[in-house]
Amino acid sequence: MNQLAAMIFDVDGTLADTERAHLLAFNQAFASAGLAWHWSVPLYKELLAVTGGKERIRHYIDHLQPGFTFPDEPDAFIAGLHAEKTRVYKDIAGRGQLPLRPGVERLLRNARQSGIRLAIATTTTPANVTALLQSTLGADAPGWFEVIGAGDVVPHKKPAPDIYLHVLERLGLSAAACIAFEDSAGGLHAARDAGLTTVVTVNDFTSDQNFDGAALVLSQFGEPDQPFDLLWGDAGASTYLDVALVRRVHARTRSEAAEG
Ligand code: XBP
Ligand code: MG
């Protein structure tokens, strides 16, 4: 039986509730470019179905700004907008305005003490990951993760499994030896298609999505004095996600897979 060797974490919505900051950054970048585009929260919730900021902007133009005339070559124009968006977002994250979700730091530290390897598999821009990790866990925090798979490093973003397959290859591990943590249906789809047992923690942008295939669906990782809400699955007597519960979930799903 494959022992649990590594935990692979999504970033946005999983490690921290970052999407409102991303939304603010997109809108500020549009305003700085003199564009009368303003994404509302309900519209952004729909646009989140398209992962990757550059892809999301292009989708918005193609579907909701059909009369728009690109002032430059389209990809270059979008890349410029997205670079400004990333600058704004990094500033927000760098100023410590994006706390980790409950239990995230505790679980990461618990995993490190237990000798479990850590990795990240995210659609977001690498610089955003560095800014978030350093502002919440300290300057050396990116080094906690053996692999940080992020952004354009793969040709197809989530819900395609590419980023998880990339991380598994870089770790030199099979999916059976790992577990993934996600917040969205698209992220769950990506992790499951890579063969990974997946724990989901929902948030305001994703709580109404379909999480069929998840091993556990929780409101959050929780803390000893801040229990999670168990939305689906078997957590036994646990009220917060620790290494012991992660190991039990991983072992149970691997034995179920072995039984077919
Ligand atoms: C979430 C995403 C990202 C962010 C915006 O990534 O889809 O596109 O919304 O970041 P994940 P960028 O949940 O996989 O961490 O603008 O840098 O893409
Ligand atoms: Mg996410």
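The values are calculated or read from the model by the stated rules, or taken from the named source; none is laboratory data. Please read these numbers as outputs of a predicted model, since none were measured by experiment. Cβ sites come from the backbone with ideal geometry, for glycine too, and all protein chains shown count toward neighbours. Please note that ligands, DNA and RNA were not included when accessible areas were found on the heavy atoms of the full protein model with its side chains. Shrake-Rupley method; radii C 1.70, N 1.55, O 1.52, S 1.80 Å.
Here are the numbers:
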| read-out | value |
| --- | --- |
| For segment 182-260: accessible area per residue (Å², 1.4 Å) | 45 |
| Total charge dipole magnitude, the chain, about the Cα centre, Cβ charges on Lys, Arg, Asp, Glu only, Debye to nearest 20 | 480 |
| Cα gyration tensor shape for segment 89-166, rounded if a/c is under 1.5, else prolate or oblate | oblate |
| Segment 235-260 versus segment 66-134: alpha-carbon centroid distance in Å | 29 |
| Separation in nanometres of the label points that stand 7 Å from Cα toward Cβ, at ASP204 and ARG252 | 3.1 |
| Accessible area in square angstrom per residue, segment 79-160, 1.4 angstrom probe | 40 |
| Relative contact order of the chain, defined on C-alpha pairs under 8 angstrom at six or more residues apart (%) | 22 |
| Bridge type composition, the chain - antiparallel percent by DSSP, nearest 5 | 15 |
| Separation of alpha-carbon centers, segment 138-170 and segment 5-19, rounded to whole Å | 11 |
| Environment charge at LYS158 (Cβ cut-off 10 Å; Lys +1, Arg +1, Asp -1, Glu -1) | -3 |
| Helix axis angle, 243-259 relative to the chain longest principal axis, alpha carbon, degrees | 80 |
| Debye, to nearest 20: dipole size of segment 65-188, +1 on Lys, Arg Cβ, -1 on Asp, Glu Cβ | 560 |
| Test item: Cα-centred dipole of segment 109-260, Lys/Arg +1 and Asp/Glu -1 on Cβ, debye | 480 |
| Area accessible to solvent at GLU55, 1.4 Å probe radius, in Å² | 70 |
| Degrees, to the nearest 10: 19-32 long Cα axis against longest axis of the chain | 10 |
| Segment 89-223, accessible surface, carbon-and-sulfur percent (1.4 angstrom probe) | 47 |
| Surface share of carbon and sulfur [accessible, 1.4 angstrom probe, percent] for segment 1-83 | 55 |
| Within the chain, helix-based [θ] at 222 nm, where runs of 4 or more DSSP H residues each add -39,500 (n - 2.57), nearest 500 | -13500 deg cm²/dmol |
